[in-house]
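Have a look at the structure below, then the notes.
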Amino acid sequence: MTKTPTSSFDGQKPGTSGLRKTVKTFMQPHYLENFVQAIFDSVPTLRGGLLIVGGDGRYYNRTAIQIILRMAAANGAARVMVGQNGILSTPAVSAIIRKYDAQGGIILSASHNPGGPDGDFGIKFNGANGGPAPESVTDAIYARTQIIDHYFTELTDDVDLSILQKTKMGGMHIEVIDSVSDYTEMMESLFDFEAISDLFTNGMSFCFDGMHAVTGPYAKAVFKKLGAPDDSVINAVPLADFGGGHPDPNPVYAKELFSKMFAEDGPDFGAASDGDGDRNIVLGRKLYVSPSDSLAILTANAHLVPAYKDGIKGVARSMPTSGAADLVAHKLDVPVFETPTGWKFFGNLLDDGRITLCGEESAGASSDHIREKDGLWAVLMWLNIVAARGQSVTEIVHNHWRTYGRNYYSRHDFEAVENDKANAVMQNVLDQLDTLPGQTFGVETVAKADSFTYHDPVDKSVSKNQGLRVIFESGSRFVFRLSGTGTVGATLRLYLEKYEPANGDLDKDLQEMLSGITKIADEISDIKNITGHNEPSTIS
Ligand code: VG1
Ligand code: CO
């Protein structure tokens, strides 16, 4: 074991989902090592324990994994299980931590951010429950990075991760595991594979876009078992630079899938996942299911799926996610929780048995089967529901709106905004929170304006400054929030929502329906003048 002197780096503060920086930042000598040592210093159970390690296969993944293995050995981990070729999806890591009672896992991913030598890299620690470390732990890790002056490592050769094998490094046992088998086994235990399989036998056309990211091999394995045609999984080979795209399943970056689904003779069912496999989108013929609607529809239909046949305990959504799921929860008479953005806030609710399902507007949904969002799980939920109801995605969505009404919903992202300008927009809205209620803008009157604070009902922790929201008497609202996953300047997110009752206009153009509150959000925030960005960079 070698003790290497180091000095601290600024800014190793985990954001919404771990530490994300450019690959170049991570490649600086000692940068990754400092953060990894801070994890070992902050989580003492890893000494003598089992650690799971894997990543989304992006550029620098392999090098980083060898560094982590050497440091795990030097820091006294008893065992490490690592995915073959260093690859594990985020939901797979969560499942494996839980299955083998590990003390934690390290996931190397920058999720939907671009990869390659000029792209981004990330590292995240998940605890023994399989979920992202809560703020108390990420705060401790960050505090440690600020005073670190040495780290421990072994001076040994790389481990061959290309073959499934058991080996040793110093006193530590290493097992290179099949990346997909534990995960696919779990999926089989949750869903009615036979019913889904019948959909394909009966000719349902289907397309899953792996976006050259980590989900490809998982999707191939699962859909092969289900008897889907071979060519129904596209872009299935994980590439270190995701084929040059952003592995973000939205209309901009999953263009190939969207064009197929909106073509005249397009498939009946379309889906995609992101860089690390935790996000999902689902499309019907000529219809993109808004992720907020998706959570609501999964909640309303969960009882049709074997794993949830006895009903659900409750549902949680992040604050910016639309209230569509709330309407379903009220009807089912189960509790609904509103958490800050980021999966780490769902962990306590799941562990405490208060909820079964949870989701975010950013294309994330999952259940209590693991403690991460799970892209393929959501797609299989949808397929199982399509099979059980004997209706297409498009029919199910329209049917849902006709029952509950429609929460028209969109997110406008202003990316690569200069930091001080982004902060000025937030400050401008913040300054008006006290005076906005009662003011009228066009047809809308402000009912409530606040900065969202979350009180965790389980551990009683308090998380402040989780987004600025302006809610109108009509129930419409907008929210401003600064992203915590970007690496270039700041990303301002504007979330827009307008509710239309079941007997109202359910089939209008989305942006047109939201144009009224979009205008008010612009007027109140002055975002265009302050940032100089006249249009959002991405609309989803
Ligand atoms: C974004 C999403 C958030 C999600 C997070 C991590 O965070 O908005 O809902 O949990 O990414 O997702 P932010 O701070 O940029 O808004 V992933 O798929 O990167 O693990
Ligand atoms: Co992701």
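Observations on the model:
- Some residue of the range 140-152 being more than 17 Å from the chain's Cα centre (by Cα), of a type in the set (S, T, N, Q) and more than 21 Å from His173 (Cα to Cα): yes
- Considering residues of the range 511-540 that are open to solvent by 50 Å² or more (accessible area, probe 1.4 Å) and not in a loop (DSSP other than H, G, I, E, B) only, the residue farthest from His400 (Cα to Cα): Asn529
- Residue within the range 289-297 that is assigned to a loop (DSSP other than H, G, I, E, B), under 19 Å from the mean Cα position of the chain (by Cα), crowded, with 24+ Cβ neighbours inside 10 Å and of a type in the set (Gly, Ala, Ser) present: yes
- Total residues in the range 58-76, condition within 13 Å of Val159 (Cα to Cα), in contact (Cβ under 8 Å) with a residue 40 or more places away in the chain and open to solvent by 10 Å² or more (accessible area, probe 1.4 Å): 5
- Any chance Ile147 is within 16 Å of ligand 2 (Cβ to nearest atom), of a type outside the set (Phe, Trp, Tyr) and not assigned by TED's automatic domain parsing to the domain that holds Ser483: no
- Residues in the range 249-271 that are within 22 Å of Tyr495 (Cα to Cα) and touching a helix residue (DSSP H, G or I) at 6+ places or on another chain (Cβ under 7 Å): Pro251 only.
For every residue, the table says whether it meets (1) closer than 28 Å to Pro114 by Cβ; (2) open to solvent by 50 Å² or more (accessible area, probe 1.4 Å); (3) assigned to a loop (DSSP other than H, G, I, E, B).
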position	(1), (2), (3)
His173	no, yes, no
Tyr183	yes, no, no
Glu188	no, yes, no
Ala195	no, no, no
Ala213	yes, no, yes
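- Here Thr341, Thr403 are screened, and the one residue that is touching a residue at least 24 places away in the same chain (Cβ under 8 Å), more than 16 Å from ligand 2 (Cβ to nearest atom) and β-branched (Val, Ile, Thr) is Thr403.
- Considering the range 1-102, there are no qualifying strands (runs of 3 or more DSSP E) wholly inside with 3 or more residues that are within 16 Å of ligand 2 (Cβ to nearest atom) and farther than 24 Å from Ala213 by Cα.
- Within the range 361-377, considering residues that are charged (D, E, K, R) and touching a Leu at 6+ places or on another chain (Cβ under 8 Å), the one nearest to ligand 2 (Cβ to nearest atom): Arg371
- Subset of the range 436-456 that is within 19 Å of Thr518 (Cα to Cα) and β-branched (Val, Ile, Thr) - its residue that is least open to solvent (accessible area, probe 1.4 Å): Val446
- Count of residues meeting criterion [crowded, with 24+ Cβ neighbours inside 10 Å and either hydrophobic (A, V, I, L, M, F, W, C) or not in a loop (DSSP other than H, G, I, E, B) (or both)] in the range 271-288: 8
- If the condition is being in contact with a Gly (Cβ under 6 Å, 6 or more places away or on another chain) and crowded, with 24+ Cβ neighbours inside 10 Å, then the range 92-103 contributes Val93, Ser94, Ile97.
- Lone qualifier among Ala424, Ala416, Ala490 - being away from ligand 1 (no atom under 16 Å from the Cβ) and outside the structural domain of Ala325 (by TED's automatic domain parsing): Ala424
- In the set (1) of a type in the set (Val, Ile, Thr); (2) within 30 Å of Val137 (Cβ to Cβ); (3) in contact (Cβ under 8 Å) with a residue 40 or more places away in the chain, the condition left unmet by Val462 is number (3).
- Only residues that are open to solvent by 10 Å² or more (accessible area, probe 1.4 Å) and either among the basic types (Lys, Arg) or assigned to a loop (DSSP other than H, G, I, E, B) (or both) were counted across the range 457-498, and they come to 23.
- Among the residues of the range 262-313, those that are more than 16 Å from ligand 1 (Cβ to nearest atom) and at positive phi comprise Lys286, Gly311.
- Filtered by the rule that a residue be surrounded by 13 or more Cβ atoms within 10 Å (Cβ to Cβ) and in a loop (DSSP other than H, G, I, E, B), the range 147-157 gives Ile148, Glu154, Thr156.
The values are calculated or read from the model by the stated rules, or taken from the named source; none is laboratory data. These figures come from a predicted structure and were not determined experimentally. Note: ideal-geometry Cβ built from the backbone for every residue, glycine included; neighbour counts use all protein chains shown. We work out accessible area using only protein heavy atoms, side chains counted, and drop any ligands, DNA or RNA first. Shrake-Rupley method; radii C 1.70, N 1.55, O 1.52, S 1.80 Å.
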